[in-house]
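The values are calculated or read from the model by the stated rules, or taken from the named source; none is laboratory data. In this text, all values refer to a predicted model and were calculated from it rather than measured experimentally. Positions of Cβ are generated from backbone atoms using ideal geometry, with glycine treated the same way; all protein chains shown enter the neighbour counts. In case anyone asks, the SASA skips ligands and DNA or RNA and just uses the protein heavy atoms, side chains included. Shrake-Rupley method; radii C 1.70, N 1.55, O 1.52, S 1.80 Å.
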Amino acid sequence: MSTITLTDLTKHYDSIAAVDGIDLDVLDEEFLVVVGPSGCGKSTTLRLIAGLEDATAGTIRIGGTDVTDSPPEDRDIAMVFQNYALYPHMTAAENMTFGMQSVTDYSSAEIEDRVADAAATLGITELLDRTPDALSGGERQRVAIGRALVREPSVFLLDEPLSNLDAKLRVHMRAELSKLHRELDTTTVYVTHDQTEAMTLGDRVAVLNDGTVQQVAPPQQLYDFPANQFVAGFIGEPAMNLVPVRVRDRPRGLVADHEGFAHPLPDGGSNSALVDRRLTFGVRPEDVLLAGRSATGHEESFEARVTVREPLGEQLLLHCTIGDDELQVKVQPRRDVSTGDTIRLCFDQQRLHLFDPETGDAIYHAASEDQPAKPTPSQ
Ligand code: ADP
């Protein structure tokens, strides 16, 4: 059992709280991605788990054992870094096994077998005799991962392992890492600032900001039910639209009232605590729909002016203004919409969110977490 449990984990550098009281459970065999903006404490958290930094406070348990004060070699972990950190004068095979004999009881034959297995898994058997200068970026990264594999650790820690690769190779290696995890089932903590990597790789994703955990959830749940405004804005590209509204009580139920629209809040009618509150209304760009001509005059559709039109190939992104606010809208490509047009929009009823503007906490999701929203019909 290789669970990892962080309890109130804290790391201060002088006056900076790089990690500020993190509680986090990584399940046995889980692939957990830690994501957040630069400087939020991701690497420090990983280095604390690895034992490369001393915690200021809190505890770290691996497989139930308190390792907070244990040296790295006693933690049965292997770490892969962003910059590969390969020795330039050693071959790939030597890089993979360097230092192994001094800290383990493996015989040379056992180590050779492990290198052969890891190389076969990673498709680098032919490259084992080459030095790093004769390898491409992707091949070097495979060797760095191979170095972690041969140790057969109970936990893998990966710190932005793909960020030095070009975009195409990154997509390829992302899929390779996913496959590798399915084969090995080793508990993995993967740090990245890239939300696409987080969403595609993680069994669950922990979003960090300012040294604290904002939310831990499976990727789709994080996307559909962000716990707060930070997560709503961080996960999703372009970000969720966030505009100020006032909730009003109308005969047919509660509506979110903005200077450009008054939109009903499904099931919000039962929530009298929302009435008259000034809140932040959130809707993702793909959940803003073009209302057909027949919707003109429909109370739920509203007018918006197109200020920028960005064809993205597979989709068309429209920047629109409603009152003093901007709304980004993703529609199907090749739509006959031009900059300067006035168009009619409406929202997907099931995909609306409200946040408390003071705390940032989510206080309403139109869909229920027990009954996730149905797919939005493509528009
Ligand atoms: P991330 O990996 O999310 O980019 P880090 O964990 O590297 O963030 O850093 C978190 C914060 O701690 C940052 O403000 C960074 O400047 C600070 N920090 C990290 N390492 C050190 C260090 N060795 N000395 C002083 N400050 C540090």
Original post:
Over all Cα pairs of segment 231-365, how is the pair count split among 5 Å bins, expressed in % and running from 0 up to the last occupied bin?
Top reply: 2, 10, 20, 23, 20, 13, 7, 3, 1
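Tell me, what is the FRET efficiency for HIS12 and SER338 to the nearest 0.05, using R0 = 56 angstrom and their Cβ-Cβ distance as r?
E between HIS12 and SER338, to the nearest 0.05, is 0.55.
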Original post:
What does the highest-first list of 221-229, 324-332, 281-289 look like by mean Cβ count within 10 Å?
Top reply: 281-289, 221-229, 324-332
Subject >> Cut-off under 5 Å, modelled amide H: who pairs with ARG204 long-range >> reply: PHE31, VAL33
**OP:** Just need log10 I(q)/I(0) for the chain at q = 0.10, 0.15 Å⁻¹, Debye formula, equal scatterers on the alpha-carbon atoms, no solvent, rounded to two decimals.
**Re:** -0.75, -1.23
Original post:
Out of the DSSP beta bridges found with both residues in the chain, what percent are antiparallel (nearest 5)?
Top reply: 75
**OP:** Show HIS263, HIS89 ordered by accessible area, largest first, where the area counts protein heavy atoms only and the probe is 1.4 Å.
**Re:** HIS89, HIS263
Original post:
Using 0.36 nm per residue, how much length does the chain from GLU94 to MET1 gain when fully extended, once their Cα-Cα distance is taken away?
Top reply: 30.4 nm
Subject >> Charge dipole of segment 231-365 about the Cα centre (unit charges at C-beta), most positive-ward option of THR307, VAL243, PHE281 >> reply: THR307
Original post:
Taking the highest mean first, how do the peptides 7-20, 180-193 order by number of other beta carbon atoms within 10 angstrom per residue?
Top reply: 180-193, 7-20
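So for each of 142-155, 244-257 I average, over its residues, the number of other beta carbons within 10 Å; can you give me the resulting order with the highest mean first?
Averaged packing, sorted descending, gives the order 142-155, 244-257.
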Original post:
Too long at a 30 Å Cα-Cα cut-off: which of LYS42/LYS168; LYS179/LYS330; LYS11/LYS330?
Top reply: LYS179/LYS330; LYS11/LYS330
